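Inspection log for the structure reproduced underneath, given as structure tokens.
The values are calculated or read from the model by the stated rules, or taken from the named source; none is laboratory data. Note that the structure is predicted; figures quoted are calculated from it, not measured. Cβ coordinates were reconstructed from backbone atoms using ideal geometry, including for glycine residues, and neighbour counts include every protein chain displayed. We work out accessible area using only protein heavy atoms, side chains counted, and drop any ligands, DNA or RNA first. Shrake-Rupley method; radii C 1.70, N 1.55, O 1.52, S 1.80 Å.
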Amino acid sequence: GDLNRELEVLDEYVTSENKSSYLHNDFAPGNIFATEPITVFDPSPVVNHGYLDLGLAIVIGISLGDSPEAAMQLKKGYFKDNDSINKEALQAAVLLNAHLKFHRWHKVGKTKHIERVQKHLLETSAG
């Protein structure tokens with residue numbers, strides 16, 4: 001997708017749905033302790049929009065080899081039902097987070113991470 005267009009989509013959505021959330025900012029299995037109930041370790045929390053946190057969690061999971069089904073389950077955990085998801089805004093959040101990660105991954109040779117996320121983006125793109 002076109003990054004500029006995706007930023008416009010996110011800006012429009014966040015402006016219309018201006019609820020902020022307390023975000024983990026790198027939620028992934030490595031940040032979860034196996035306690036009852038689970039404990040999430042949060043070294044750098046921020047307040048932002050939840051779609052950005054979800055987009056980053058999807059990018060991290062896919063890059064590590066999680067299945068598309070895992071991304072679907074993650075979405076189900078964030079939303080009451082599939083109809084309440086703004087798919088265009090979520091795809092924009094995933095693309096933005098991918099863009100932010102790709103530079104670092106390229107620099108450190110994590111080309112498989114990039115390839116997995118690119119494949120996911122192609123398979124989930126609307127156009």
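Protein heavy-atom accessible surface, 1.4 Å probe, per residue over the chain: 65 Å².
Take the Cα of Ile38, step 7 Å toward its Cβ, do the same at Asp81, and the gap between the two points is 2.5 nm. Take Ser67: with every protein chain present and a 1.4 Å probe, its accessible area is about 50 Å². Before anything else, pin down the relative contact order of the range 16-83: Cα pairs under 8 Å, at least 6 apart, normalised by residue count, whole percent. In percent, rounded to a whole number, it is 32.
Taking every alpha-carbon pair under 8 Å whose residues sit at least 6 apart, the chain reaches a relative contact order of 29 percent.
The stretch between Gln73 and Asp11 holds 19.8 nm of extra length on full extension. This uses 0.36 nm per residue minus the Cα-Cα distance. Phi angles of the range 30-40 translate, via the Karplus equation with coefficients 6.51, -1.76, 1.60 and θ = phi - 60°, into HN-Hα couplings of x, 10, 10, 8, 7, 10, 10, x, 4, 10, 9 Hz per residue; Gly and Pro are given as x. With a cut-off of 11 Å between beta carbons, the residues surrounding Asn82 carry a summed charge of +2, where Lys and Arg count +1 and Asp and Glu -1.
Let a ≥ b ≥ c be the square roots of the eigenvalues of the Cα gyration tensor of the chain; is it rounded (a/c under 1.5), or, if not, prolate (a/b larger than b/c) or oblate? Rounded.
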